[in-house]
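Quick note: the coordinates plus some simple rules give every number you see, no bench work behind them. Keep in mind it's a predicted model, so treat the numbers as computed, not measured. Note that each Cβ is placed from the backbone with ideal geometry, even for glycine, and that neighbours are counted across all protein chains shown.
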Amino acid sequence: MQSKSDKLTALLVAKDYSAALALAEKFPRLGDAKDAIRTAHAARVNPRFYKSMGKDPAQLVQNGIDALVKRYEYLTTKEEK
């Protein structure tokens, strides 16, 4: 059985950021990246809500992807070696 960390690593290496955000947003310990990752997932799922608040959903998603990649960089660098 594959752990959630292994699944996340595979998704990040494959650059499947939508699925990676969906998986990671459920993690209990996201550190400083928590708000960006969770907001990005929500903006991806319901972009009209964020547009109605005057926010750019695409930018929110990109911010979350950047935070996710930075937060779990150690998983992908281990994979590349």
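For residue 44, are the conditions met, namely being over 24 Å from residue 3 (Cα atoms), of a type in the set (Lys, Arg), in contact (Cβ under 8 Å) with a residue 24 or more places away in the chain and part of a helix (DSSP H, G or I)? In short, yes.
For region 30-62, a residue qualifies if it is surrounded by 12 or more Cβ atoms within 10 Å (Cβ to Cβ), over 18 Å from residue 19 (Cβ atoms) and among the polar types (S, T, N, Q), and exactly one does: 59.
Residue pairs whose Cβ atoms lie under 9 Å apart, sitting 6 or more positions apart in sequence or on different chains, and linking a residue in region 53-77 that is more than 14 Å from residue 38 (Cα to Cα) and touching a residue at least 12 places away in the same chain (Cβ under 8 Å) to a partner that is among the acidic types (Asp, Glu) and outside any loop (DSSP other than H, G, I, E, B), are 75/6. Residue 5 passes every criterion in (1) surrounded by fewer than 14 Cβ atoms within 10 Å (Cβ to Cβ); (2) free of Cβ contacts under 8 Å to residues at least 12 places away in the same chain apart from (2). The set of residues from region 13-29 being hydrophobic (A, V, I, L, M, F, W, C), surrounded by 14 or more Cβ atoms within 10 Å (Cβ to Cβ) and farther than 14 Å from residue 73 by Cβ comprises 19, 21, 22, 23, 27.
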